[in-house]
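To start, the structure itself, in structure tokens.
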Amino acid sequence: MNTFLQELSKKAAERWASVLLGPGLLFVACVLVGRHQGFTHALDLAHLRAYVRSVVTDKAHQEPAGLVMAAAIVLFGAAVAGLAASSTGGLVERLWLPAGPDWYVNLLVRWRGRRWSRKELACRSVEAEARQELVRNRRRGIDTHSRSAELRRLLARRNAYSERQPDQPTWMAQRMAGATARVEERYRMDLAEIWPHVWSVADSQVRDDIQGVRDGFTGAGRTTAWGGGLLGVAAITFWWPAAALAVILLFTGHRRGRAAIDTLVPLIESTVDLYLRDTAIRMGIACPDAFSPAVADRVTRILRVRASDA
């Protein structure tokens, strides 16, 4: 047991150091360099070398006590920055998958709806023009140039934005809502209600795969939070390389978040497809064949009764 606890604590320390302390040290370094370099000497290496030389030759930093104190301050700052980024990453996830407030969500839904309507109108316009052109050319006996490639391109752009009229405030939330709608259509089941039970029945490998993607989504939110922090450093110190790095991190974090959701949605749907029948059987409901609407009604009644008892 002692060996197990030692290995567990070692892995936890390694994870903490890689997730929080490593990026935190980079953040602290950016703060120190940005504070010294500023806008005027942003890329002046000679100016930076002079600063590092003055710090190294300072007698206060050459004494053991001074070295320990400086190292402790830097590590403490890195740890605080890492914890702040981790907490802010959770806020970023809630911005990507917002549940409220209503005014904020409704505003984003209306904005996305207008954008989708413009894309839909462009598709319909090209389709109508192509149909009219086909009729005119047939009357004249002229071969019609196909505009199917253009229409496919416009449809692909529209579907990449949203396959239907958006009713969610962000692309990621729309993708998750799509999974809920498809599970409802296939099985007449509420994904939020049945998912904890499907999760408990699913194979450990499936759960590890989903958890890995979920951890990737959390990491994407944390990367975006680091980008926001560096943007703040750039605004305070006027050291523009921090802003350039911030933009890269913000873009990378957002792209990774979208990729994680794009992978997570089919994983969730496939898990429901594979283990929903087993879930019903574990709940004591006979399901000899496919998962039918009658079985769905019985499962829903059991879940609702348990929820009302709770």
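When segment 1-60 is limited to residues that are modelled with pLDDT of 75 or more and among the charged types (D, E, K, R), the one that is nearest to the chain's Cα centre (by Cα) turns out to be ARG35. Residues of segment 191-204 that are open to solvent by 60 Å² or more (accessible area, probe 1.4 Å) and within 17 Å of VAL305 (Cα to Cα): ALA192, PRO196.
Looking only at residues in segment 173-190 that are open to solvent by less than 50 Å² (accessible area, probe 1.4 Å) and within 18 Å of the chain's Cα centre (by Cα), the one that is nearest to VAL265 (Cα to Cα) is ALA179. Look at (1) under 21 Å from ALA160 (Cβ atoms); (2) of a type outside the set (Lys, Arg); (3) surrounded by 14 or more Cβ atoms within 10 Å (Cβ to Cβ) and you find that VAL92 fails only one, number (1).
Evaluated against (1) within 26 Å of the chain's Cα centre (by Cα); (2) among the charged types (D, E, K, R); (3) open to solvent by less than 50 Å² (accessible area, probe 1.4 Å), ASP102 falls short on exactly one condition, (3). I'm checking my understanding of the structure. Among residues of segment 105-134 that are open to solvent by less than 100 Å² (accessible area, probe 1.4 Å) and of a type in the set (Lys, Arg), which one is modelled with the lowest pLDDT? In this case the residue turns out to be LYS119. Scanning segment 237-250 for residues that are touching a residue at least 12 places away in the same chain (Cβ under 8 Å) and in a helix (DSSP H, G or I) gives THR237, TRP240, PRO241, ALA242, ALA243, LEU245, ALA246, VAL247, ILE248, LEU249, LEU250. Just one of the listed residues (GLY257, GLY219) is farther than 27 Å from GLU184 by Cβ, touching a residue at least 24 places away in the same chain (Cβ under 8 Å) and within 18 Å of the chain's Cα centre (by Cα), and it is GLY219. On inspection, TRP226 does not qualify as assigned to a helix (DSSP H, G or I), open to solvent by 70 Å² or more (accessible area, probe 1.4 Å) and touching a residue at least 40 places away in the same chain (Cβ under 8 Å).
Pairing residues of segment 91-104 that are under 11 Å from PRO169 (Cβ atoms) with residues that are among the polar types (S, T, N, Q) and open to solvent by less than 60 Å² (accessible area, probe 1.4 Å), at Cβ distances under 8 Å and at least 6 apart in sequence or on separate chains, gives LEU95/THR170; TRP96/THR170; LEU97/THR170; PRO98/THR170. So, ALA234, is that one open to solvent by less than 70 Å² (accessible area, probe 1.4 Å), in contact with a helix residue (DSSP H, G or I) (Cβ under 9 Å, 6 or more places away or on another chain) and either without any contact (Cβ under 8 Å) to a residue 40 or more places away in the chain or of a type in the set (Asp, Glu) (or both) or not? Taking the combined requirement at face value, the residue does not satisfy it. Of the candidates ALA290, ALA286, ALA260, ALA294, the single residue that is exposed (fewer than 13 other Cβ atoms within 10 Å of the Cβ), of a type in the set (Gly, Ala, Ser) and touching a Lys or Arg at 6+ places or on another chain (Cβ under 8 Å) is ALA290.
The values are calculated or read from the model by the stated rules, or taken from the named source; none is laboratory data. Not measured: the values here are computed from a predicted model. Neighbour counts run over all protein chains shown; Cβ positions are idealised from the backbone, glycine included. Ligands, DNA and RNA are excluded from the accessible area calculation, which covers all protein heavy atoms including side chains. Shrake-Rupley method; radii C 1.70, N 1.55, O 1.52, S 1.80 Å.
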